[in-house]
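J.: First, the structure itself, so that you have it in front of you.
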Amino acid sequence: MKHHIFLGIHESRKTACILTCLLPFDQLDANDLSSQDFRHHSTNWNGCDDISRTLKLRNLRLTGREIVLPKPIVFRGVDPDMGHYYNWTYPVSIIAETEKNE
C-alpha cells in the first residue's frame, strides 16, 4: 500500500511534523479527519521541527496545496530523556501536500 506524505503544520506555521496517510490529498475531508487517519513521524524530541529543516531532511517540497482544519488535530506522544519521560502534545491546524524533490 502506498502511503502519502504530508506536513502537519502548527497554526504559527513555524513548525511541522511529517504525517503519512493511505488517502491521497484530494480525498482528505477537513471536516472528517482525526489523528487516527494519520501516522505521525517525529523529526525531533517533541514531534515537530522547523518547516524548512523537516522538508530538507525528507527531501520534500510543498506543492502549495493545503487544508486548513476547522479544529486542530492533536497528536500525543512520550519521549524518554535521561531516565525521565516527557509527555507532549502537538496540534496540527494545516495539512500541506508534499512531493519528493527530483
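Each reported figure results from applying straightforward, stated rules to the coordinates on display, with no laboratory input. Keep in mind the model is a prediction, meaning the values are calculated, not measured.
J.: From the list [x] 14, 32, 25, 17, 10, 2, 0; [y] 12, 23, 18, 12, 11, 13, 9, 2; [z] 15, 50, 28, 6, 0, can you say which value of P(r) over Cα pairs in 10 Å bins from 0, in percent was derived from the structure given?
T.: [z]
J.: Run the reach check for Lys2 against aspartates and glutamates, Cα to Cα strictly under 16 Å, same-chain hits fewer than 8 apart removed. What comes back?
T.: Cross-link targets: Asp26, Asp37, Glu97, Glu99.
J.: Under the rule of at least 5 residues apart or a separate chain, name every residue whose amide H is placed under 5 Å from the amide H of Cys48.
T.: Counting only residues 5 or more places away or on other chains, the set is Thr43.
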